[in-house]
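Everything below concerns the one structure shown next.
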Amino acid sequence: MEISHVVEDNRNEDMHNSQTLLSSKSVSSQNEYTQEVDPGPPHESLFLVLAYLPLFELLAMSEVCMSLRDAVHNDVLLWLNIIVERPLSLRLSDEILMKITSKASGRLKTLVLIDCEKITDDGLQLVIRKNPHINKFFLPECTGLTPEGVIRAVKTLSENHQSLKSLRIHGIYNIKKDHLDTIRSFFQMKLPQQEHQRQQPILFHHRNSPEYRNEESNPMIDIDVDICPKCNNVSMVYDCPRETCKNKGCKACSLCISRCEECGGCIIESEELEATACGDNLCSNCWLQLPKCNLCNQPYCKLHINHQHRLSSSTGFVCDACHVKFVAMLGAWYC
Ligand SMILES: [Zn+2]
Ligand SMILES: [Zn+2]
Ligand SMILES: [Zn+2]
Ligand SMILES: [Zn+2]
Ligand SMILES: [Zn+2]
C-alpha cells in the first residue's frame with residue numbers, strides 16, 4: 001500500500017466533515033469559492049515548519065502541492081528520526097515501513113514504533129540492515145515481533161556500528177529471562193565501561209506520558225524491561241515514589257504490586273481501594289483530591305479525565321455511566 005493511501009484513508013473523515021461544512025454555506029458564499037484564484041507558491045515559513053511535524057502531518061503535508069511534496073521527499077534531514085504512533089501505527093506494514101525509512105538513505109538515528117502490530121521480524125530486520133546507525137530503538141507493544149526477532153535486530157545493530165543506546169521492548173510477548181540476558185550481553189559488548197544499572201527510577205504514572213513513550217527522557221535507561229524481583233518475569237518494573245517506601249522492597253511489576261494511576265505510589269494491602277469512575281486504581285490521598293461525579297461521587301484518573309460530561313445547568317461533571325443513566329431517565333420522562 002502506498003504511504004499516500006494511508007494518509008488518504010485517515011483523512012477521509014476530516015475531508016467529509018469539511019465538505020459538509022462547505023455544503024452548508026449560503027449560495028452567495030459558494031460563489032466566492034467558484035471564483036478562480038491563483039493560489040501561488042506556499043509561504044516560505046511552511047518549509048521551516050516541516051522539521052517539527054510528526055510523521056502523520058509530514059506525510060499529509062507532502063500531498064498539499066508539488067513544491068511541498070518535493071521539499072518533504074527530498075530532504076533527508078526530515079527522516080532521520082521516525083516515530084510511528086496512532087493512527088498510523090495500526091496500518092503500518094513491513095512494506096510501508098521500508099518505504100518510510102528508505103528516505104533517511106541509511107542515516108536513520110531513531111526508530112520508534114509504538115503499537116505497530118503488523119511489523120514482522122523479517123520486515124524489521126530488512127530495515128535494520130539498511131539503517132545500521134540507529135541509536136534509539138523503541139518497539140513497545142509491537143505484538144507481531146518475537147523475542148528472537150528482537151534479539152536478531154539488536155545483534156545486527158550491535159555488531160555493525162555499535163551505536164545502539166536505548167531499547168524499549170515492553171509489551172512484546174514471551175520475552176523470558178534468557179532472552180533479556182542475551183539482549184543485555186549485546187549492550188555490554190558494546191559499552192564495556194557503562195553502568196547498566198538503572199540510575200533513575202521508572203515510575204508507573206509516567207509510563208503513558210509522551211515524553212516517556214517517545215523521547216529519551218531518561219537516557220540512563222538502556223533497556224526498559226527488567227526482571228521483577230517478586231515474580232521473576234520480564235516486565236516493566238516500577239520504582240515507588242513514596243518517601244516512606246525507601247528500602248521496603250515495593251519495586252515490582254504492576255501485576256505484583258498495584259499502583260496509583262495519579263502518583264505511582266504503591267497501594268498498600270491494608271489500604272481500602274476507593275471506587276473510581278474509570279476502574280483504575282487510586283491511593284486514598286489522590287482519590288480525596290480529585291473532583292468527583294455529581295451523581296455517584298467517583299473520580300476519574302488523569303488518563304480518563306476527558307470522559308467527564310459537563311452539564312450547562314450545574315458545576316462539576318457526571319461520569320460516563322451516570323450520563324447514560326441520566327439520558328435514559330430523561331428519555332423515559334418524555335415518552
Ligand atoms: Zn512481578
Ligand atoms: Zn496516589
Ligand atoms: Zn511503595
Ligand atoms: Zn457517576
Ligand atoms: Zn482512569
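The values are calculated or read from the model by the stated rules, or taken from the named source; none is laboratory data. It should be emphasised that the depicted structure is a prediction, and the values quoted were computed from it without experimental measurement. Every residue, glycine among them, receives a Cβ derived from its backbone with ideal geometry; neighbour counts consider all protein chains shown.
Quick rundown of the values:
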read-out	value
Ser314 over 24 Å from Gly171 (Cβ atoms), among the hydroxyl-bearing types (Ser, Thr, Tyr) and within 16 Å of ligand 2 (Cβ to nearest atom)	no
Any hit, the range 277-285, residues being part of a loop (DSSP other than H, G, I, E, B) and either on the phi > 0 side of the Ramachandran plot or touching a Gly at 6+ places or on another chain (Cβ under 6 Å) (or both)	yes
Flag for His205 being at pLDDT 95 or above and crowded, with 18+ Cβ neighbours inside 10 Å	no
The listed residue being surrounded by fewer than 18 Cβ atoms within 10 Å (Cβ to Cβ) and touching a strand residue (DSSP E or B) at 6+ places or on another chain (Cβ under 8 Å), out of Asn131, Asn160, Asn135	Asn135
Residue check for Asn233: under 28 Å from Arg168 (Cβ atoms) and more than 9 Å from ligand 3 (Cβ to nearest atom)	yes
Test result for Glu274, within 16 Å of ligand 4 (Cβ to nearest atom), at pLDDT below 95, assigned to a loop (DSSP other than H, G, I, E, B) and not hydroxyl-bearing (Ser, Thr, Tyr)	yes
Out of Asp38, Asp94, sole residue that is at pLDDT below 80 and either among the acidic types (Asp, Glu) or surrounded by 13 or more Cβ atoms within 10 Å (Cβ to Cβ) (or both)	Asp38
Options Cys263, Cys278, Cys301; residue that is under 30 Å from Pro201 (Cα atoms) and within 16 Å of ligand 3 (Cβ to nearest atom)	Cys263
Selected residue (criterion: farthest from ligand 2 (Cβ to nearest atom)) from residues of the range 227-271 that are acidic (Asp, Glu) and in a loop (DSSP other than H, G, I, E, B)	Glu269
Long-range neighbours under 6 Å by Cβ, at least six apart or interchain, first residue exposed (fewer than 14 other Cβ atoms within 10 Å of the Cβ) within the range 65-80, second polar (S, T, N, Q) and in a loop (DSSP other than H, G, I, E, B)	Val76/Ser105
Sole exception among (1) assigned to a loop (DSSP other than H, G, I, E, B); (2) at pLDDT 90 or above; (3) out of contact with any strand residue (DSSP E or B) (no Cβ under 6 Å at 6 or more places or on another chain) for Gln200, by number	(2)
Subset of the range 229-245 (residues that are over 18 Å from His205 (Cβ atoms) and within 9 Å of ligand 1 (Cβ to nearest atom))	Pro229, Lys230, Cys231, Asn232, Asn233
Residue satisfying all of: in the range 145-182; part of a helix (DSSP H, G or I) and closer than 22 Å to Asn81 by Cβ; farthest from the chain's Cα centre (by Cα) among these	Asn160
